[in-house]
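Let me begin by presenting the structure, written as structure tokens, before commenting on it.
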Amino acid sequence: MSPVSLKPSEFSEGGEFPRGTLTISNARFGVHEFKDRDGNPVKSSYGEGTVAPSMAAILELTNEDTGTVFEDRVYTVGQPSRYTVSTDGLSMEGEKLNANCNFAKLLSALIEIGYPEDKFTGNIRESLVGLTAHWDQKAMPNGEQSKQIWPVQVYTFPWDNGAPSTNGTQPAPAPTPAPVDDLKAVAAQFVNEMLASNPDDATRQTLAAKVYTSSSLDAETKVALSNYIYSPECNDDLMAIGITVEGERYCQS
């Protein structure tokens, strides 16, 4: 292994952060031991020692726009001694899920955005694999962004076989595509509408969700807009019309 370069021109930009349109492409239960980038056990933030291994739901997420696969996205369950995992890793026996564990929070987040509770089975792959949603960080009570990512808008459920869910209604007629050159105008229109109707909910996550549920945009434009709204160019374009981005929230300047 070669020495680490200290030259700024040779610095890495870092890996892609797993947010955007992501599909759960695999899922399993297993014991996860938290380690740092060097492979050493992560030290506990509550004193001496290291973070204890945890039973966890371990997901694989695939970015639908870039094709990037994010392996081992861990949502903790609890102490391994409290659970027994099946040999195939698809189900487990033991105590009821604690509402405060990360995996329970993930399932609750899915229910909040439309996943029917009776569709959850004891099989994690059957319940989750194939689900496509917009995923992102969320604001925490202390004002910081969560380190985990959460689904904020469902596009396709596991049982949809790749077809967007219509929630029992007839599919809408194919929309007239919005010219890609008009991304700036379309994004500005959505943001202005959010600021006028509910400024407290005017965030980039909400904007992304509105884009993907809009009946006036075609699929190509939705993808282009999804990438555009997270770009520095979009921030600059909005600033030119008096809208700033503070963290993830849009504000009138």
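Neighbour counts of other C-beta atoms within 10 Å: give me Trp150, Trp135 arranged from fewest to most.
Trp150, Trp135
So what is the diffusion coefficient of segment 20-160 in µm² per second by Stokes-Einstein at 10 °C and 1.306 mPa s, using a Kirkwood Rh over Cα pairs?
Values: Rh = 16.0 Å.
Estimated via Stokes-Einstein, D reaches 99 µm²/s.
Distance cut-off 27 Å, Cα to Cα: go down the list Lys105/Lys210; Lys105/Lys184; Lys147/Lys184; Lys96/Lys210 and report the pairs above it. Could you put the intermediate results ahead of the total?
Working: Lys105/Lys210 23 Å; Lys105/Lys184 35 Å; Lys147/Lys184 30 Å; Lys96/Lys210 35 Å.
Lys105/Lys184; Lys147/Lys184; Lys96/Lys210, as the Cα separations exceed 27 Å there.
Which aspartates and glutamates does Lys43 reach when only Cα atoms under 14 Å apart count, and residues fewer than 8 places away in its own chain are ignored?
Once the sequence-local aspartates and glutamates are set aside, what remains near Lys43 is Glu33.
Only counting other Cβ atoms within 10 Å, I'd like Val77, Val191 sorted with the fewest neighbours first.
Values: Val77 26, Val191 23.
The most exposed by this proxy come first: Val191, Val77.
What ranking do 60-66, 241-247, 16-22 get when scored by the average of other Cβ atoms within 10 Å per residue, highest first?
Values: 60-66: 16.3, 241-247: 13.0, 16-22: 18.4.
So the order, starting with the most tightly packed, is 16-22, 60-66, 241-247.
For Ile58, Ile124, which order do you get if you count the other beta carbons within 10 Å of each Cβ and list the fewest first? Numbers along the way, then the final one.
Values: Ile58 20, Ile124 23.
So the ranking, lowest neighbour count to highest, is Ile58, Ile124.
How do 227-233, 141-147 rank on mean C-beta neighbours within 10 Å, highest first? Display every interim value, and only then the final one.
Values: 227-233: 14.7, 141-147: 8.6.
The peptides rank, most packed first, as 227-233, 141-147.
Every number in this text was worked out from the coordinates using simple rules, so none of it is lab data. The structure displayed is predicted, hence computed values, not measured ones. All Cβ positions, glycine included, derive from the backbone under ideal geometry; neighbour counts span all protein chains shown.
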